[in-house]
Amino acid sequence: MRFGRVLALAAATSLALAGCAGGSSSSGSGDGSTLKIGFMGDLTGENSGIVIPPNNGAKLAIDEYNATNPSVKLELKNYDSQGKPEQATSLVQTAIGTDKITALIGPAFSGESKAVGGVLEQGKVPSVSPSATNPGLASNGWKYWHRVVANDNDQGPGIANFLITAKSPKNAYVLSDDQEYSVGLADAFEKTFKDKGITTERDKFAKDASDYSSTVQKVKAANPDVITYGGYYAQAGRLLKQLRDGGVKATFATGDGSLDPQLVSGAGAAAAEGAVVGCPCNIPDAGAPGNEFATKYKAKFNVDPAIYATEGYDAATAIINAVKAGNTTGEKINDFLKTEDFKGASKQIKFKDNGEPQTNAIYVYQVVGGVIKNLGASTEAKITG
């Protein structure tokens, strides 16, 4: 699928759903035949634009399933972590101990995934994340953990190699804040550039910083050909604005955490123009004929699909398939996930033994004319400008 439309209205309207996103999508029968499925992620915080679409996708899948009047229905319980690991740690205790969830969609971000993975493992609660990409999550020996997206060891090189092909840089500057996801993606950028013999410098700043003047001065002095940032759009927009205000003109690229129109609004359209964003997500073109998912999503939420909407749908579908097959405990659902192999809305869904997805394609987006456009797979995409 190729995405050539405006993303701005889609995700901006998605943000308007944040007020209702903290509720539940419930079709409980009240007779003991309802399983509670959790969804954990930032639903009202500064990076909620990344999480509301997959939450909507999960709601769509579960509501479609419940509409078939199955013998075992599902109730979606939302846990708004605001992307904070410490908040996720508290919420997961409620989810498992009080609410008795059977499975979890999420957590959405890497830091919170790392914080609660061991608790989910101990509670034998299978999880499927639609968007957590830190490579280390697959190295914890967790048996109940899964994700439907490629990790940063695929994303980072995919973006860096795209830049190398498109811009032939002689030197690069790698930036991050101090969040788990940001550092992990920056590590992957740095390794790829250095492995290709490209002179690479690096700097890191605090997540909650608002003045990046020190970093801007370092980058300006280095005069790089390309800049990569491993972080979320809330920070990326401010950073990009300050880089451009400081006279830095190098091509700016970032990852999936910044694939939101607020990257453009945060930086300003002029500063954001030409920025590159990579993602292990392929956002469907809502205008393409025959795109069933985009049509259903728009009909239900009155907004086009945005980042990780299809992945949220597929993560929920993986759990739904297990329940359809008669599995109603965490252990049984987890066993079934090992056998999953179906064509999802985002890609073919099949898990490796360590919970990683079999498919790891990376897609490239670029800000063109003030809007974010899909250029296609990283191995085929052509940069503008």
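The values are calculated or read from the model by the stated rules, or taken from the named source; none is laboratory data. Remember, predicted model here, so these are calculated numbers, not experimental data. Cβ sites come from the backbone with ideal geometry, for glycine too, and all protein chains shown count toward neighbours. Heavy atoms of the whole protein, side chains included, go into the accessibility calculation; ligands, DNA and RNA do not. Shrake-Rupley method; radii C 1.70, N 1.55, O 1.52, S 1.80 Å.
General observations
- Inter-label distance, nm, simple model (7 Å from Cα along the C-beta direction), residue 265/residue 86: 2.9 nm
- In segment 316-385, the trypsin sites (Lys or Arg not before Pro) that fall in loop regions by DSSP, at most 12 other Cβ within 10 Å: 352, 382
- Accessible area, probe 1.4 Å, largest first, for residues 195, 80: 195, 80
- Charge tally in the Cβ shell below 12 Å around residue 129, where Lys, Arg are +1 and Asp, Glu are -1, residue 129 excluded: -2
- Spacing of the two label points (7 Å from each Cα toward its C-beta) at residue 342 and residue 46, in nm: 3.8 nm
- For the pair segment 38-110 / segment 209-236, the C-alpha centres are spaced 33 Å from each other.
- Residue among 103, 150, 322 with the largest mean-square fluctuation in a Gaussian network model of the chain, springs linking Cα atoms under 10 Å: 322
- Surface/4 estimate of mean projected area, convex hull on alpha-carbon atoms of segment 82-157, nm²: 4.6 nm²
- Cα-based Rg / Dmax (Å) for the chain: 20.0, 67
- Cα gyration tensor shape of segment 293-382, rounded if a/c is under 1.5, else prolate or oblate by comparing a/b with b/c: oblate
- Surface share of carbon and sulfur [accessible, 1.4 angstrom probe, percent] for the chain: 47 percent
- At full extension, residue 354 and residue 165 could sit 64.9 nm farther apart than now, given 0.36 nm per residue minus the alpha carbon distance.
- Within the chain, helix-based [θ] at 222 nm, where runs of 4 or more DSSP H residues each add -39,500 (n - 2.57), nearest 500: -11500 deg cm²/dmol
- Partner lysines for residue 84 [C-alpha distance under 18 Å; skip if fewer than 8 residues away on the same chain]: 114, 207
- Relative to one another, the C-alpha centroids of segment 305-351 and segment 137-180 are positioned 24 Å apart.
- Eigen-decomposition of the gyration tensor built on the alpha-carbon atoms of segment 62-221 gives equivalent ellipsoid semi-axes of 37, 18, 14 angstrom, largest listed first.
- Three-way shape call for segment 182-259 based on the alpha-carbon gyration tensor, with the a/c threshold at 1.5: oblate
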